[in-house]
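Okay, so here's the structure we're looking at.
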Amino acid sequence: MTFKLIQAILVIILLCNITYAVGQESTASLSLSPQICITADVEQSCEIELVLNWETPYPQVVCIMSDHSDLEKWCADSPNTHSLTLKVETQKDIQFVMIDKQSHQTLAGVKLKVTPTAAPQVRRRYRNPWSLF
Amino acid sequence: MKNKLLTSLLTTLLLSFAIQAEEQKACHLDDECVEVGQWQLGLALGYGERSNPVRDYDDIPIYLAPTLAYYGDSWFFDNGNLGYTLAEKELFSLNLTTSFSSDSAYFYRWDPSNIFISGTSQLSSAPALTTRFQAFGAEPEPVFNELEDRKFTLLGGAEAFIYTPMGIINLALAHDLFDVHSGMEAKVKWLYNLTLSDWKFEVAAVANWKSEEIINYYYGVRPSENAYWSERYHAGSGTNLGLELTTQYMMTEHWDLLFLVRYTDLADEIVASPLVTESYTNTYFIGTAYRF
């Protein structure tokens, strides 16, 4: 009985936390355009111009970071800046994160997906088709 | 000797041509590549002939020939042969594979090399059993009773393909899998593919070494066939030299015009057999091919 009670309390605490987190996320938003880059081949790089747009519930100076080694951390000059245009070259997905410049608190995130076209998988054929002759 | 010289000369010419030609193309679906997990099926209709160097056996007419292949991620089946790819890199491939030689096809109608080939490779007429006149001191004209079976067998071994700007080098070593003759074969083949608009050409030069066991099994004489020659002829190992040209003209997505020529200069050890009357074999075919 005691165990069930503890379990119920823990569930309530977890739910409260999730509600709080969702509430926090909804306060700032970050969007990316385009979100997907399609390459002709698995080995081919994606060269693309990206536009990041964001909104914050109150004026905040934000910084944009990513897990792409060629992109350095970028910070806005003023709270009135709400977009950033980037040129990137990548073979892998890039995760962008927006943080508050002063508190370093994570405000929002967005991901660029890199996908090769679904070309059929092929192999070398080891015999001339007419090798039976 | 003259044929060997001609073969060597043509090989040199082909190699020179290859050096001047542009670099080999990468693997393309509509070229020398196949889609993984899909059956490749085709049928060629036309007319051709494979010459039969064996005494009293007919040349083999060709009206129809199939092509059938299936490639999985590692396993493959291609025109009757089963293989497993150990390594497939940009510059080389290594396979374990089965293969069959063309020697049994001269004796056996339903040899895989004769699939769908019309006609028969049996004796064209009764062997000349009567004694023939011969010049004094000359080797007696071979006369044979009905030949015993020369069975078909599968060979198993390893093969490598090396991709170079000058074409593909194919090396293969295989051994009899069913102890029919317990022989071995080795092959060195050079292939070059060239695509010019709707035309596709494949030229190849091949040296095919056959062990003593293989040559004796197929071209040796059994005592029941001719007692004298069964004692007289004992072959060693030998090497066939060949040139091949396959030309395809792509009329539509599925229909091709097909023209091919194969020329094989038989090893001296085979030509020395009293069962063999020619020093070479050739195959030609002209027709249309439909790929499903």
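One table, with the values for the structure above:
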quantity: Theoretical gain in end-to-end length, B:C33 to B:V261 [0.36 nm per residue, Cα-Cα removed]; calculated: 79.8 nm
quantity: Sites B:Y47 and B:E148 - FRET efficiency at Förster radius 45 Å, r taken between beta-carbons, to 0.05; calculated: 0.90
quantity: Rounded percent of accessible protein surface that carbon and sulfur make up, the range A:28-116, 1.4 Å probe; calculated: 46
quantity: Under 11 Å from the B:T252 label point (7 Å along Cα→beta-carbon), backbone N, the range B:261-289; calculated: none
quantity: Burial ranking of peptide ranges B:261-268, A:46-53, B:84-91 (average Cβ count within 10 Å, highest at the top); calculated: B:261-268, A:46-53, B:84-91
quantity: The range B:146-207 shape via C-alpha gyration tensor axes, a/c threshold 1.5; calculated: prolate
quantity: DSSP-defined beta bridges in the range A:28-116 - what % are antiparallel, rounded to 5; calculated: 85
quantity: Shielding of B:259-268 by partner chains, average beta-carbon count, 10 Å; calculated: 1
quantity: Per residue value of the accessible surface for the range B:160-280 (all protein chains in place, 1.4 Å probe), Å²; calculated: 44
quantity: Interface B:A - total buried accessible surface [probe 1.4 Å, Å², rounded to 100]; calculated: 2800
quantity: Using θ = phi - 60° and Karplus 6.51 cos²θ - 1.76 cosθ + 1.60, couplings along the range B:235-241 (whole Hz; Gly, Pro as x); calculated: 7, x, 6, x, 10, 7, 10
quantity: Calculated from backbone phi, Karplus (6.51, -1.76, 1.60) coupling profile of the range A:48-59 in Hz, x at Gly/Pro; calculated: 8, 9, 10, 10, 9, 10, 9, 10, 10, x, 9, x
quantity: Residue-count net charge about A:Q121 - beta-carbon cut-off 9 Å; Lys, Arg +1, Asp, Glu -1; calculated: -1
quantity: Label point distance in nm, B:R232-A:D67, each placed 7 Å from Cα along Cα→Cβ; calculated: 8.2
quantity: Net charge of Cβ neighbours under 13 Å - reference A:K92; Lys, Arg +1; Asp, Glu -1; calculated: -3
quantity: Lys, Arg +1 and Asp, Glu -1 on Cβ, resulting dipole of the range A:32-100 about Cα centre, debye, nearest 20; calculated: 200
quantity: Total formal charge among the other residues, if their Cβ is under 9 angstrom from that of B:R50, Lys/Arg +1 and Asp/Glu -1; calculated: -1
quantity: Packing rank of A:66-75, B:156-165, where each peptide gets the mean count of other beta carbons within 10 Å, highest leading; calculated: B:156-165, A:66-75
quantity: Length gained when the stretch B:F201-B:I169 is fully extended (0.36 nm per residue, less Cα-Cα span); calculated: 9.9 nm
quantity: Residue-normalised accessible area of the range A:25-133, expressed per residue, 1.4 Å probe, Å²; calculated: 59
quantity: Relative contact order (%) - criterion: Cα under 8 Å, at least six apart; region: the range B:139-237; calculated: 22
quantity: B:V188/B:E141 FRET efficiency (R0 35 Å; Cβ-Cβ; nearest 0.05); calculated: 0.40
quantity: Potential extension, B:S74-B:A87 segment - 0.36 nm per residue separation minus Cα distance; calculated: 3.8 nm
quantity: Phi-based couplings in Hz for the range A:76-89 (Karplus 6.51, -1.76, 1.60; Gly and Pro marked x); calculated: 5, 7, 8, x, 7, 7, 10, 8, 8, 10, 10, 10, 10, 10
quantity: Rh (Kirkwood; distinct C-alpha pairs) - the range A:28-116, Å; calculated: 13.5
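The values are calculated or read from the model by the stated rules, or taken from the named source; none is laboratory data. Values in this document were obtained by computation on a predicted structure and should not be read as measured data. Reconstructed Cβ throughout: ideal geometry from the backbone, glycine too, with neighbour counts over all protein chains shown. Areas reflect the complete protein model, heavy atoms only, side chains present, ligands, DNA and RNA absent. Shrake-Rupley method; radii C 1.70, N 1.55, O 1.52, S 1.80 Å.
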